[in-house]
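The values are calculated or read from the model by the stated rules, or taken from the named source; none is laboratory data. Everything numeric here is computed off the predicted structure, so don't read it as measured data. Every residue, glycine as well, gets a Cβ built from its backbone with ideal geometry; the counts of neighbours run over all protein chains shown.
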Amino acid sequence: MSSARIKKFVLTNSGNKLRKDDLIFVKRAADVEYRLARQTVIDYWKNGEIERENLCDAQPMLKRNAIHCGVLIGESCPICESGEIYYVTYVFGPRLPAHGRCISTKGELQRLNDRKSQLSAYVIEVCPDCGWNHLVRIASLGGK
């Protein structure tokens, strides 16, 4: 994806666009961070133990969701170093689609968190340029 297309979308859809402040932060005991696993994978790649094709394998839909529904976090890609990283959040649970629900608007996570049923939110970092993707965290929602 060209960076010109990304910048054009951000400028035209800024009113209801998610910001970094709208992301899920670990708050419950059952939540899991994957920073160490991420760093291990990156270190293996830098040492030549993993091929780039095995790291940069994001599905086209995940790349599109990163651009259109994700949050630009202001970091460059650890693999290609020229692309920008987006966080994409998918929520799974009862009364949601089997493939999960991609969070795309402000307040959507809060509405899901207010549900009585237990839900799981998966935050994935994605580089639309090279296809790098890695699970950032799994967070618990709902159950109130």
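Being out of contact with any strand residue (DSSP E or B) (no Cβ under 7 Å at 6 or more places or on another chain), among the charged types (D, E, K, R) and at pLDDT 95 or above, is that true of even one residue in segment 26-43?
Filtering segment 26-43 for residues out of contact with any strand residue (DSSP E or B) (no Cβ under 7 Å at 6 or more places or on another chain) gives 27, 29, 35-37, 39-40, 42-43.
Among the residues that remain, those that are also among the charged types (D, E, K, R) are: 27, 35, 43.
Within this subset, residues satisfying the condition of being at pLDDT 95 or above are 43.
Yes, segment 26-43 contains a residue that is out of contact with any strand residue (DSSP E or B) (no Cβ under 7 Å at 6 or more places or on another chain), among the charged types (D, E, K, R) and at pLDDT 95 or above.
Pairs, please: C-beta under 6 Å, at least 6 apart or cross-chain, first residue surrounded by fewer than 16 Cβ atoms within 10 Å (Cβ to Cβ) and in segment 92-113, second acidic (Asp, Glu)?
Here the result reads LYS106/ASP22, each pair linking segment 92-113 to a residue that is acidic (Asp, Glu).
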